Amino acid sequence: NHFPVIAIDGPSASGKGTVAQLVASKLGFNYLDSGALYRIVAFAAQQDNIPWSDALAVTACTKTLKIEFINEQVLLNNQDVSNEIRTEEIGKGASQVAVHAPLRAALVDMQHSFCKAPGLIADGRDMGTVIFPEAELKVFLTASTETRALRRYKQLQGKNQPANYEHILQDLTERDARDKGRASAPLLMADDAILLETDNVGISDAVDYILQKYQILQ
Ligand code: C5P
């Protein structure tokens with residue numbers, strides 16, 4: 001029972017979440033937001049006063065969590081934490097817990113369980129390299145740090161949240177370095193992935209491009 005997988009990897013604020021969800025809805029496929037898993041772990045650890053640096057305690061805590069994705073909601077132990085996990089602080093925590101190899105191992109089966117009929121769009125950092133190496137199509141979606149910082153800045157402004165471009169740029173640079181530099185499943189373009197640089201490409205063009213690449217394979 002193998003179902004088609006499209007792996008979409010790339011750095012923070014590359015637009016891959018939006019693009020991946022649109023591709024999933026166009027194809028009627030399931031959608032895995034793997035970053036949300038690391039965010040939930042960071043959030044749960046914080047609630048239990050477990051430092052994000054403590055690999056064993058973070059991993060042990062993760063094994064007790066009940067995590068569900070229902071419609072657009074992310075549920076942790078039956079509570080909707082969709083908004084709580086989207087803060088910049090939890091994003092930073094997610095990239096800190098994500099360096100721990102035992103934690104990453106503890107999340108593998110759950111990620112595989114998303115691969116159901118009729119297929120899956122998997123969004124993350126290591127979808128094409130580690131979690132779904134057999135994916136039919138692998139896309140590495142990226143943009144310059146400046147473009148991504150500007151997008152994040154506008155996004156926060158749009159939500160009337162405090163936003164400082166220089167801070168965002170620095171945070172993104174640090175998070176990129178941590179995601180690329182870690183020993184376990186670093187952010188890396190798979191050898192067989194297609195590179196899609198979105199500095200001058202809009203969301204709908206990126207979506208169309210991926211759909212076209214997928215249709216060629218059919
Ligand atoms: O994509 P998002 O910003 O929600 O991911 C938060 C953090 O989770 C990333 O900075 C990264 O460190 C980690 N992550 C990961 N592997 C994935 C998805 C996310 O390590 N597949």
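Within segment 16-36, the set of residues being surrounded by fewer than 23 Cβ atoms within 10 Å (Cβ to Cβ) and within 11 Å of the ligand (Cβ to nearest atom) comprises 17, 33, 34, 35, 36.
Return the residues of segment 139-176 that are β-branched (Val, Ile, Thr) and more than 13 Å from residue 91 (Cβ to Cβ); say none if nothing qualifies. Give the steps one after another, and end with the answer.
Here is the first cut: in segment 139-176, the residues β-branched (Val, Ile, Thr) are 139, 142, 145, 147, 168, 173.
Scanning segment 139-176 gives 139, 142, 145, 147, 173.
Scanning segment 46-87 for residues being out of contact with any helix residue (DSSP H, G or I) (no Cβ under 8 Å at 6 or more places or on another chain) and of a type in the set (A, V, I, L, M, F, W, C) gives a total of 3. Residues in segment 42-51 that are more than 9 Å from the ligand (Cβ to nearest atom) and hydrophobic (A, V, I, L, M, F, W, C): 43, 44, 45, 50. The residues on offer are 148, 152, 175, and the sole one that is at pLDDT 95 or above, within 16 Å of the ligand (Cβ to nearest atom), in contact with a Ser or Thr (Cβ under 9 Å, 6 or more places away or on another chain) and basic (Lys, Arg) is 148. Among (1) outside any loop (DSSP other than H, G, I, E, B); (2) modelled with pLDDT under 95, there is one condition residue 43 misses while meeting the rest; what is its number? Status for residue 43: all satisfied but (2).
The values are calculated or read from the model by the stated rules, or taken from the named source; none is laboratory data. Quantities reported herein were computed from a predicted structural model and do not represent experimental measurements. Glycine also receives a Cβ, built like all others from the backbone with ideal geometry; neighbour counts cover every protein chain displayed.
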